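Asker: Supplied in structure tokens, the structure appears directly below.
The values are calculated or read from the model by the stated rules, or taken from the named source; none is laboratory data. All values reported here derive from a predicted model rather than from experimental measurement. Reconstructed Cβ throughout: ideal geometry from the backbone, glycine too, with neighbour counts over all protein chains shown.
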Amino acid sequence: MNLDPIKIRQDFPILQQKIYNKPLIYFDSAASSQRPLQVQEKIRQIDQEYYGNIHRAVHYMADKATADYETTREKVRSLINAGTTAEIIFTKGTTESVNLVAWSFGEAFISAGDEIIVSEMEHHSNIVPWQLMAGRKGAKIVMLPFNNKGELELDKLPGLISEKTKLIAVAHVSNVLGTVNPVAEIAAIAHARGVKLFVDGAQAIQHLPVDVQALGADFYAFSAHKMYGPNGVGVLYGRKELLEQMPPYQGGGEMISEVRFSGTTFNELPYKFEAGTPNITGVIGLGAAIDYLLEAGIENISVHEQALLKYATEKLMQIPGMKIYGESKNKSGVISFNVEGIHSFDLGTMLDKMGIAVRTGHHCADPVMQHFGIPGTVRMSFGIYNTREEIDAFLPALKKVISLF
Ligand code: PMP
């Protein structure tokens, strides 16, 4: 079955509007994707029919909200093929998931002099939490570089691992270069040396089938707002055996078993890592987003986006002065580029006036910009609802903007 973007677009009324009197072309799904009516309807239903605080109540609404919240945990487990729902922790996003692991794994497993390997293509949220932890623990961050095509230099990885290395942190898909990293291969190298693997899946989960066990990820993080779900919700998958050894990240309600002034015992997994009232509506909305993704079919989404990527790349390459960053063979629907002599910010600002939403700047990946010696790029990114016709409309708009400089 092929994906029908015309039908899909009917689920996204936000895309059917004009911006500055021009039909909106939304090429910024890597920053945040739009939400279909099905997700909006689920949230409306909770707000109007059964909102209540989860886990601790006996009344009908709280019970129903709890059931939906926990059903979503099972949907996430199944989506990524985790072994058990005890391994699925709800957070407020990828950023919080990384911070949770950096802090808690750091407390449990990192001592002075230990090393963490972080790839050069990471989003700041998969760099800075490790740096903070390293600062606290007296550990060291070692960088795994990428080549000029935007592919990790995996041949260098074994040489970077020492007996001090405890963890490797890497993106499944780069938010700037689009590179799909060979996570299973990295996991095999890491595990052969007793090193754990943290995978940032923020740009993967909405584009590719993800199986955390087949990938060999010890931890895997993602955000609902990039997968057609609500903002303010994310997931951390962690292997049970590791999570069990890690201390709670935050203290509060729900994460305890018994509280005495003489000492507190903690709740079982995953609740040990979910202190306080979580984003109930958001988590249930994520459940609706997962239903939506599965209904469309992740393989179908992947085929559709790959076709858009190929088509747009071929057309862009014909533009004089065009430089695309990220030429990996295995790439997802993200194109970062610059046009010689024009600042990315100026390009983005003028495209906006033509109804086209792209992202400009460093994309929270300064080391990638430093690698190429540039201040920023224009980034167009595709989602389930984008069409070839939008690319056909984008190209003359881009050419017009270029001609104005
Ligand atoms: N990692 C990657 C690869 C990302 O693209 C993003 C979002 N731009 C993040 C992490 C951070 O996600 P969030 O802001 O949802 O926490």
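To keep it simple, each residue is scored yes or no on (1) touching a Leu at 6+ places or on another chain (Cβ under 7 Å); (2) not polar (S, T, N, Q).
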{"position": "N2", "(1), (2)": "no, no"}
{"position": "D11", "(1), (2)": "yes, yes"}
{"position": "K18", "(1), (2)": "yes, yes"}
{"position": "P23", "(1), (2)": "no, yes"}
{"position": "F27", "(1), (2)": "no, yes"}
{"position": "Q40", "(1), (2)": "no, no"}
{"position": "D47", "(1), (2)": "no, yes"}
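Asker: Among (1) more than 13 Å from the ligand (Cβ to nearest atom); (2) within 23 Å of the chain's Cα centre (by Cα), where does P158 come up short?
Answerer: (2)
Asker: Could you tell me whether L79 is in contact (Cβ under 8 Å) with a residue 40 or more places away in the chain, within 16 Å of the ligand (Cβ to nearest atom) and within 17 Å of the chain's Cα centre (by Cα)?
Answerer: Here the answer is no, as L79 does not meet what is asked.
Asker: Further question on the same structure: More than 11 Å from the ligand (Cβ to nearest atom) and touching a residue at least 40 places away in the same chain (Cβ under 8 Å): does that describe K226?
Answerer: No.
Asker: Can we say N300 is surrounded by fewer than 22 Cβ atoms within 10 Å (Cβ to Cβ), within 21 Å of P5 (Cα to Cα) and either of a type in the set (S, T, N, Q) or in the same structural domain as D211 (by TED's automatic domain parsing) (or both)?
Answerer: Judged against the criteria, N300 is a match.
Asker: Related question: Part of a helix (DSSP H, G or I), touching a residue at least 12 places away in the same chain (Cβ under 8 Å) and within 16 Å of the ligand (Cβ to nearest atom): does that describe A86?
Answerer: no
Asker: If you don't mind, another one. Of the residues that sit in segment 309-333 and are touching a residue at least 60 places away in the same chain (Cβ under 8 Å) and among the polar types (S, T, N, Q), which one is surrounded by the fewest Cβ atoms within 10 Å (Cβ to Cβ)?
Answerer: N330
Asker: Checking G348 against (1) under 18 Å from the mean Cα position of the chain (by Cα); (2) over 18 Å from S33 (Cβ atoms), only one condition comes out false. Which one?
Answerer: Every listed condition holds for G348 apart from (1).
Asker: Of the numbered conditions (1) more than 29 Å from G159 (Cα to Cα); (2) away from the ligand (no atom under 16 Å from the Cβ); (3) in contact with a His (Cβ under 7 Å, 6 or more places away or on another chain), N231 satisfies every one except a single condition; which is it?
Answerer: Failed condition: (2).
Asker: A further question follows. Can you give me the number of residues within segment 242-263 that are free of Cβ contacts under 8 Å to residues at least 24 places away in the same chain and not in a loop (DSSP other than H, G, I, E, B)?
Answerer: The total comes to 6.
Asker: Here is a further query. Which of (1) away from the ligand (no atom under 16 Å from the Cβ); (2) in a loop (DSSP other than H, G, I, E, B); (3) among the aliphatic types (A, V, I, L, M) does A30 not meet, given it meets every other one?
Answerer: (1)
Asker: Which residues, taken from segment 51-68, are more than 28 Å from the chain's Cα centre (by Cα) and either surrounded by fewer than 17 Cβ atoms within 10 Å (Cβ to Cβ) or within 19 Å of A289 (Cα to Cα) (or both)?
Answerer: Those that are more than 28 Å from the chain's Cα centre (by Cα) and either surrounded by fewer than 17 Cβ atoms within 10 Å (Cβ to Cβ) or within 19 Å of A289 (Cα to Cα) (or both): G52, R56, A57, V58, H59, Y60, M61, D63, K64.
Asker: Sort through G113, G150 and tell me the only one that's within 16 Å of the ligand (Cβ to nearest atom), on the phi > 0 side of the Ramachandran plot and among the small types (G, A, S).
Answerer: G150
Asker: Given the criterion in contact with a strand residue (DSSP E or B) (Cβ under 9 Å, 6 or more places away or on another chain), within 10 Å of the ligand (Cβ to nearest atom) and in the same structural domain as S125 (by TED's automatic domain parsing), identify the matching residue among D200, D218.
Answerer: Only one candidate qualifies: D200.
Asker: Checking the conditions here, which among A217, A202 is over 15 Å from V283 (Cβ atoms), hydrophobic (A, V, I, L, M, F, W, C) and within 12 Å of the chain's Cα centre (by Cα)?
Answerer: Unique residue meeting the criteria: A202.
Asker: Quick check on my filter: what residues within segment 89-109 are more than 16 Å from the ligand (Cβ to nearest atom) and buried (at least 21 other Cβ atoms within 10 Å of the Cβ)?
Answerer: Residues satisfying the conditions are S104, F105, G106.
Asker: Okay, moving on. Just give me the residues in segment 267-311 being in contact with a strand residue (DSSP E or B) (Cβ under 6 Å, 6 or more places away or on another chain) and not in a loop (DSSP other than H, G, I, E, B), in sequence order.
Answerer: K272, F273, V283 - these are the residues of segment 267-311 that are in contact with a strand residue (DSSP E or B) (Cβ under 6 Å, 6 or more places away or on another chain) and not in a loop (DSSP other than H, G, I, E, B).
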